[in-house]
Amino acid sequence: GNSVTQMEGPVTLSEEAFLTINCTYTATGYPSLFWYVQYPGEGLQLLLKATKADDKGSNKGFEATYRKETTSFHLEKGSVQVSDSAVYFCALSERGQGAQKLVFGQGTRLTINP
Amino acid sequence: NAGVMQNPRHLVRRRGQEARLRCSPMKGHSHVYWYRQLPEEGLKFMVYLQKENIIDESGMPKERFSAEFPKEGPSILRIQQVVRGDSAAYFCASSPQRPRGWIHYEQYFGPGTRLTVT
């Protein structure tokens, strides 16, 4: 079945550091890929998405590129802020009949110290 | 435009009691999804509903769990005879249309209900 694997956390960085959170996936079809962010006590918010190979999703300084050849969708940010502290989830959705399900990775807790 | 609303935000039940979780989708959304998040884990799909129909319940445990989305009112996730292993955060999401072909409609998440079984 489809699955998503994220780098294990927690990840702790200093403000203005460069961030990479790795995400790889296994899918039988040609999925859409997403990064969601969860702030403490809140639900998930869509951070960015990509729907086809080589697409780059970007939002709030975060970027991720859909790499079909390596089945990866790594999240990056050039200079993190304290306010970026949250849990980040990589996810995929299938196309066609199964498109309504989101399959999530286990999440990566990110803490940014001032 | 109000977002997805869930209530209660926190629910404590003793073993053997029933838990009822409510989800009101965003205005204009007729598709609802329920996910469960166990401690320190990602979200797992449970069930997908349209008004008065269960479309996909492949993630629902076979016993004690049920879901509905009536013509009027919120979607309800019902857990009968709760056990400690049911303790988790339950998230509801809604979308405006049914996914089809190459189009994926974004799912908007509620704040979740945190169920604690004592």
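The values are calculated or read from the model by the stated rules, or taken from the named source; none is laboratory data. Keep in mind that this is a model prediction, so the values were computed, not measured. Virtual Cβ from ideal backbone geometry, glycine too; neighbours counted across all protein chains shown. Remember, those area values only see protein heavy atoms, side chains included, never the ligands or the DNA or RNA. Shrake-Rupley method; radii C 1.70, N 1.55, O 1.52, S 1.80 Å.
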Highest first, please rank the peptides B:53-64, B:73-84 by the mean number of other Cβ atoms sitting within 10 Å of their residues. B:73-84, B:53-64
Springs between alpha-carbon pairs under 10 angstrom, Gaussian network model over chain A: which of A:Q38, A:Q100, A:Q81 fluctuates most? A:Q100
Counting other chain Cβ atoms within 10 Å of each Cβ in A:85-93 and taking the mean gives 2
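Over the Cα atoms of the protein assembly as shown, compute the convex hull volume and normalise it per residue, giving Å³.
Value for the protein assembly as shown: 125 Å³ per residue.
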Using R₀ = 41 Å, calculate the FRET efficiency as 1/(1 + (r/R₀)^6) where r is the Cβ-Cβ separation of B:K71 and A:L13; round to 0.05. 0.25
Which value in nm describes the separation of the simple spin-label points at B:I55 and B:T118, placed 7 Å from the Cα toward the beta carbon? 3.9 nm
Here, chymotrypsin sites (Phe, Trp or Tyr not before Pro) of the range B:36-118 satisfying both criteria (DSSP loop; at most 15 other Cβ within 10 Å) are B:W102
What total accessible area, in Å², is buried where chains A and B meet, using a 1.4 Å probe and rounding to the nearest 100? 1900 Å²
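Subtract the Cα-Cα distance of A:D54 and A:R67 from 0.36 nm times their separation in residues, and report this length gain in nm to one decimal.
My answer for the length gained is 4.1 nm.
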Give or take rounding to whole Å, what are the principal axis extents of the alpha carbon atoms in the range B:22-90, in descending order? 34, 23, 19
Starting from the Cα-Cα distance between B:E18 and B:S30, subtract it from 0.36 nm times their residue separation and give me the gain in nm to one decimal. 1.7 nm
Run the Debye formula on the Cα coordinates of chain A, all scatterers equal and no solvent, and tell me log10 I(q)/I(0) at q = 0.14, 0.23 1/Å. -0.52, -1.32
Under 13 Å from the Cβ of A:E16, count the other residues' Cβ atoms, weight Lys and Arg +1, Asp and Glu -1, and hand me the total. -1
Averaged over its residues, how many other protein chain Cβ atoms are within 10 Å of peptide B:32-45's Cβ atoms? 4
Mind checking the mean number of beta-carbon atoms from other chains within 10 Å of the Cβ atoms in A:100-111? 5
Cα-Cα separations in chain B greater than 19 Å, expressed as whole percent: 42 percent
Across bins of 5 angstrom width beginning at 0, how are the C-alpha pair distances of the range A:54-114 distributed, in whole percent? 4, 15, 20, 25, 19, 10, 5, 2, 0, 0
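Using a 1.4 angstrom probe, figure out how much accessible area the range A:43-114 has per residue, in square angstrom, rounded to the nearest whole.
Heavy-atom accessible area per residue stands at 42 Å².
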